[in-house]
Amino acid sequence: QVQLVESGGGLVQAGGSLRLSCAASGSTFSINALGWYRQPPGKKRELVVIVSSGGTYYVDSVKGRFTASRDIAKNTVYLQMNSLKPEDTAVYYCYADASGNYWGQGTQVTVSS
């Protein structure tokens, strides 16, 4: 079992920045990949970024604006979000692939125009 706790969401104006954090606990040795998904209002959950030993994959809509990093010693993954747009407004969920799929509780990111 892996537990994920996110922090760092909030309200920001368009063009601003936010940094999300996700701390993993439990059977962290089994984690193969960590990442972030988001669910915009009225839409399905979508992949934002995945970080694994094979590299980092970003969805096209955030390339050049979002940067994910992983601190293995702290079992934490970060998402630095710059040049935020209103269409980035969503609940952001931390995700872990650890012999199963694990999700955090979600953190709201709201970008005002």
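The values are calculated or read from the model by the stated rules, or taken from the named source; none is laboratory data. Just so we're clear, the structure is a prediction, and the values are computed from it rather than from any experiment. Don't worry about glycine lacking a Cβ; one is built from the backbone with ideal geometry, like all the others, and counts go over all protein chains shown. Please note that ligands, DNA and RNA were not included when accessible areas were found on the heavy atoms of the full protein model with its side chains. Shrake-Rupley method; radii C 1.70, N 1.55, O 1.52, S 1.80 Å.
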With touching a Leu at 6+ places or on another chain (Cβ under 8 Å) and among the polar types (S, T, N, Q) as the only criterion, which of Thr89, Thr56, Thr76, Thr67 stands out?
Thr67
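Only one residue in Val62, Val51 is of a type in the set (A, V, I, L, M, F, W, C) and touching a helix residue (DSSP H, G or I) at 6+ places or on another chain (Cβ under 9 Å). Which one?
Just one listed residue meets the conditions, Val62.
Before we move on, is Gly16 open to solvent by less than 60 Å² (accessible area, probe 1.4 Å) and not in a strand (DSSP E or B)? Don't jump to the end; show me each part of the working.
Working: open to solvent by less than 60 Å² (accessible area, probe 1.4 Å): yes; not in a strand (DSSP E or B): yes.
When the stated conditions are applied, Gly16 passes them.
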Residue count, region 7-24 (criterion: at pLDDT 95 or above and more than 23 Å from Ser113 (Cβ to Cβ)):
4
